[in-house]
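Q: Shown below is the structure under consideration.
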Amino acid sequence: MYFKLAWKNIWRNKKRTVIVSASVFFAVILACVMRSAQLGSYSYMIDSAAKMQTGYLQIQGEKFWENRSLDESIQLTSGFQDSLQKINHITSLTPRLEAFALLSKDSITKVSPVIGIDPQKEHNMTELDKKLVSGQYLQSGDQGIIIASGLAKRLKAVLGDSIVLYGSGFHGQIAAAELKITGIVELPLPQMNDAMAFIDLPNAQYIYAAPGRITSLSIMIDNIRNLETVNDAVHGMLTNKLTVMTWDEMMPDLVQSIEMDNASGLIMIGILYMVIAFGVFGTIMMMTAEREKEFGILNSIGMKKQRMIFVSLIESVMISLIGVVFGVLGSIPITAYLKANPIVLSGDSAAAWESLGIEPIMTFSVNPDIYFWQSIIVFVIALFCALYPLLFIGHLKPIQAMRR
Amino acid sequence: MALIELKDISKTYNTTAVPVNALKDINITFEKQEFTAIVGPSGSGKTTMLNILGGLDKPTNGTVIIDNNDITKMKPGNLVDFRLNKIGFVFQAYNLIPVLTALENVEFIMLLQKVSKKERREQAENLLQDVGLGDRMDNRPSQLSGGQQQRVAVARALASKPAFVLADEPTANLDSKSAESLLDMMEEMNKKHNMTFIFSTHDARVIKRARRVVTLEDGMVKEDKINK
Ligand SMILES: Nc1ncnc2c1ncn2[C@@H]1O[C@H](COP(=O)(O)OP(=O)(O)O)[C@@H](O)[C@H]1O
Ligand SMILES: [Mg+2]
């Protein structure tokens with residue numbers, strides 16, 4: 001009956017309750033959609049970046065990340081790779097042998113990272129084959145080279161041309177080869193598109209005089225949530241001179257831009273809820289103050305103050321909860337729809353995304369945490385607002401209250 | 001042993017610029033089953049006396065003994081429970097919870113007493129029948145006349161099975177016909193339930209319905225007589 005009473009009490013002034021519930025409702029929807037867009041795009045950005053560049057984790061030689069030298073290359077036995085593959089949540093392992101070399105066509109020479117790849121595994125991770133704009137993708141055993149379209153332009157080279165690779169191999173040996181361009185790829189990130197070149201891994205190992213060696217093994221996992229678990233498991237298997245880096249260590253710029261964006265989003269939501277909190281507080285305040293006489297009578301006839309405060313607390317929670325329940329129920333289909341139908345961005349924001357090498361698509365998240373947190377925040381607001389009746393009723397003097 | 005005993009009660013309000021001596025050294029007792037009017041002009045101290053009698057206010061001096069309990073020495077929390085279980089209250093107006101029906105208003109006090117749902121319902125229905133509102137149980141206060149609302153208030157006061165009922169000018173907001181019939185009903189309850197009623201009034205027609213009339217003047221008992 002106390003719940004029934006509280007429920008009836010909040011509808012004493014229908015208009016007011018509808019307005020405050022509606023404001024909570026819209027705030028929750030807005031906050032949910034905003035968070036959904038933010039969290040969705042972060043995981044999309046991270047996933048895209050990991051896929052395109054570093055993987056979620058990377059096994060490297062201990063000093064490779066600073067030196068970028070073939071001398072830090074490593075040898076991983078197939079037994080080791082097999083047991084890595086058996087770790088839960090790991091979806092793919094992609095070996096690469098990466099070294100800078102000079103690429104020349106006629107009189108033009110450019111410095112370029114020439115990367116030895118396993119064509120099939122590269123396909124699994126980066127889908128490099130899909131970026132092909134002309135020619136053919138590498139096959140295992142191919143002797144040709146695939147270069148990015150920007151690099152091709154800089155070299156004034158076209159499909160079928162031969163280019164000369166010159167560089168230093170493992171332990172200072174000379175690396176030199178003449179390679180035929182068998183494919184041209186278009187990479188989304190301009191700095192990559194202007195520079196990258198790919199050859200078959202065994203070919204690279206031969207040219208760089210590094211048989212059986214790689215510079216990195218990129219690891220993709222099923223979900224970023226499992227990163228810690230996988231990282232721990234991989235760590236446990238590492239031998240001397242090997243190290244594992246995570247995506248955030250390898251892409252600090254990405255981490256920073258996500259953190260900044262996230263902070264600004266949270267500040268906005270904070271302001272939004274601050275406004276809402278004042279609205280709810282004002283309503284609770286009026287609801288309490290205008291019933292002073294009634295509280296006085298109830299206390300006189302024997303209703304304890306704690307009990308009156310309890311009823312007021314229920315009222316405060318109910319008022320807030322109506323908005324939250326409908327807000328969450330409303331946001332779930334909205335965010336689910338947006339997740340299923342991501343928004344394709346255009347203009348400035350699209351350019352910003354493209355500069356990060358990510359397709360400009362706004363993806364949404366339906367992580368239950370989003371809805372959970374909005375509910376918690378509103379619940380906390382409700383508790384905060386219930387402080388007013390707590391103090392008001394606490395200080396109530398029934399005789400004075402009834403004289404008013 | 002008297003039901004209620006006021007001993008050397010005085011009350012001074014210090015909230016105003018000049019302290020007001022609202023009650024001056026009152027000594028009076030009330031017995032079970034009384035039907036007593038506290039009368040006197042406005043400002044004579046009726047409300048102050050009823051508030052002290054009902055444990056809503058503390059006297060500046062003196063003791064109030066109800067059913068062998070000195071309520072002036074009770075802790076506030078215990079006093080609320082004491083009021084709930086020992087005293088029925090009827091005020092001048094705005095007695096009822098506006099969002100609850102007549103029936104729920106009467107049930108409410110028993111809810112506070114943790115009476116079972118079934119018993120609450122039964123008791124409330126019976127009492128509303130008794131006060132002549134058997135057909136208005138599901139009406140909200142706003143759908144009832146002032147007289148009917150006061151009947152509900154009396155029914156609620158009785159529902160807690162108190163030792164006595166205090167009513168501060170229960171007829172003040174009623175027309176004379178409703179006032180008469182409220183008094184009829186209270187008298188009937190007084191007899192039927194052996195319930196003690198102490199009510200204040202300055203309405204001559206109400207006064208003559210009382211069996212005992214205590215007249216206050218200037219914070220003192222001027223007269224205490226039995227009506228014929
Ligand atoms: N809370 C209060 N503060 C100051 N003076 C009060 C207060 N309540 C009552 N009084 C004064 O005490 C006297 C008695 O008042 P009251 O008991 O209300 O009389 P009655 O109910 O007979 O009209 C009056 O002079 C009134 O002004
Ligand atoms: Mg009075």
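Please treat every number below as a calculation from the coordinates, not as lab data. Note that the structure is a prediction, hence the values are computed from the model and not measured. Cβ atoms come from the backbone with ideal geometry, glycine included; neighbour counts cover every protein chain shown.
Q: Residues with amide H under 5 Å of residue A:92's amide H, sequence separation 5 or more or different chain, H placed in the peptide plane at 1.01 Å from N; which?
A: Counting only residues 5 or more places away or on other chains, the set is A:220.
Q: Here's something else I'd like to know. Per residue, how much space in cubic angstrom lies within the convex hull of the C-alpha atoms of the range A:20-130?
A: Measuring per residue, one finds 202 Å³ for the Cα hull of the range A:20-130.
Q: Through the Karplus equation 6.51 cos²θ - 1.76 cosθ + 1.60, θ set to phi - 60°, convert the phi angles of the range A:79-89 into ³J(HN,Hα) values in whole Hz; use x for Gly and Pro.
A: x, 4, 5, 4, 6, 4, 4, 7, 5, 4, 6
Q: A further question follows. Could you line up B:195, A:318 from fewest to most neighbouring Cβ atoms inside 10 Å?
A: Fewest to most other Cβ atoms nearby, the residues stand as A:318, B:195.
Q: Taking residue B:191 as the anchor, which lysines have their alpha carbon closer than 22 Å to its alpha carbon, excluding any fewer than eight residues away along the same chain?
A: B:32, B:86, B:161, B:177, B:208, B:225, B:228
Q: Hey, another quick one. Cα centroids of the range A:35-61 and the range B:46-92: how far apart, whole angstrom?
A: What the calculation gives is 72 Å, centre to centre.
Q: Beyond 18 Å, how much of the Cα-Cα pair distribution for the range A:188-328 remains, as a whole percent?
A: 78
Q: Let's see if you can work this out: charge +1 on each Lys and Arg Cβ, -1 on each Asp and Glu Cβ, no other charges. What is the dipole magnitude of the protein assembly as shown about its Cα centre, in debye to the nearest 20?
A: Dipole about the Cα centre, nearest 20: 3260 debye.
Q: Residue farthest toward the positive end of the dipole of the range A:239-369, with Cβ of Lys/Arg at +1 and Asp/Glu at -1: which of A:257, A:309, A:277?
A: A:309
Q: Can you give the relative contact order of chain A as a percent, counting alpha carbon pairs under 8 Å and 6+ residues apart?
A: 26
Q: To check my understanding: the extent here is largest minus smallest coordinate of the Cα atoms along each principal axis. What are those three numbers for the range B:95-168, in Å, largest first?
A: 29, 27, 21
Q: Further question: Please list, in chain and number order, the residues 5+ apart from residue B:217 or on another chain whose amide H is under 5 Å from its amide H, with Hs placed from the backbone.
A: Answer set, sorted by chain and number: B:222.
Q: Restricting the calculation to Cα positions, tell me the Rg (one decimal) and the Dmax (whole number) of the range A:258-315 in Å.
A: Using the Cα atoms of the range A:258-315, the pair Rg, Dmax is 18.2, 59 Å.
Q: Oh, and also: Quick one: grab Rg to one decimal and Dmax as a whole number for the range B:2-88, Cα atoms only, in Å.
A: 13.0, 41
Q: Just how large is the dipole of chain B about the Cα centre, in debye to the nearest 20, putting +1 at every Lys and Arg Cβ and -1 at every Asp and Glu Cβ?
A: 260
Q: Any aspartates and glutamates with Cα under 20 Å of the residue A:156 Cα? List them, leaving off those in the same chain fewer than 8 positions away.
A: Partners within reach: A:106, A:178, A:186, A:194.
Q: For q = 0.08, 0.10, 0.12, 0.14 Å⁻¹, what log10 I(q)/I(0) does chain B give under the Debye formula with an equal point scatterer on each alpha carbon and no solvent?
A: -0.28, -0.44, -0.64, -0.87
Q: Another question about this same structure. How many times 2.2 N^0.38 Å is the alpha carbon radius of gyration of the range A:131-262?
A: Compactness ratio reported: 1.29.
Q: Something else about it: Per DSSP helix of 4 or more residues, -39500 (n - 2.57); summed, then divided by the residues of chain B. What does that give at 222 nm, rounded to the nearest 500?
A: So the calculated ellipticity at 222 nm is -10500 deg cm²/dmol.
Q: Residue by residue through the range B:88-97, what is 3J(HN,Hα) from phi via Karplus (6.51 cos²θ - 1.76 cosθ + 1.60, θ = phi - 60°)? Round to whole Hz and write x for glycine and proline.
A: So the Karplus estimates, Gly and Pro as x, are x, 10, 10, 9, 4, 7, 6, 6, 9, 7 Hz.
Q: Considering amide H positions built from the backbone, and no H for Pro or chain starts, which residues 5 or more places from residue A:168, or on another chain, come under 5 Å of its amide H?
A: A:175
Q: Across the range A:227-239, in residue order, what do the Karplus-derived ³J(HN,Hα) couplings come to in whole Hz, using 6.51 cos²θ - 1.76 cosθ + 1.60 with θ = phi - 60° and x for Gly and Pro?
A: Here the 3J(HN,Hα) series is 4, 4, 4, 5, 4, 4, 5, 5, 3, x, 9, 6, 9 Hz.
Q: Can I get the semi-axes of the range A:225-277's equivalent ellipsoid? Compute them from the C-alpha gyration tensor as square roots of 5 times the eigenvalues, in angstrom, largest first.
A: 37, 13, 5
Q: Taking the Cα atoms of the range B:120-228, what is the range of coordinates along each of the three principal axes, in descending order and whole Å?
A: Per principal axis, max minus min of the Cα coordinates gives 44, 28, 25 Å.
Q: So what's the protein assembly as shown giving for Rg/Rh, alpha carbon basis, Kirkwood Rh from the mean inverse pair distance?
A: Over the Cα atoms of the protein assembly as shown, Rg/Rh equals 1.34.
Q: Enter the angle in degrees (range 0 to 90, nearest 10) between the Cα long axis of helix A:368-385 and the first principal axis of the Cα atoms of chain A, meaning the one along which they spread out most.
A: Orientation of helix A:368-385: about 30 degrees from the principal axis.
Q: Considering all alpha-carbon pairs of the range A:259-367, what whole percent are spaced by more than 24 angstrom?
A: 53
Q: Oh, and also: Percent antiparallel among DSSP beta bridges with both residues in the protein assembly as shown, to the nearest 5?
A: Of the beta bridges lying entirely in the protein assembly as shown, close to 70 percent run antiparallel.
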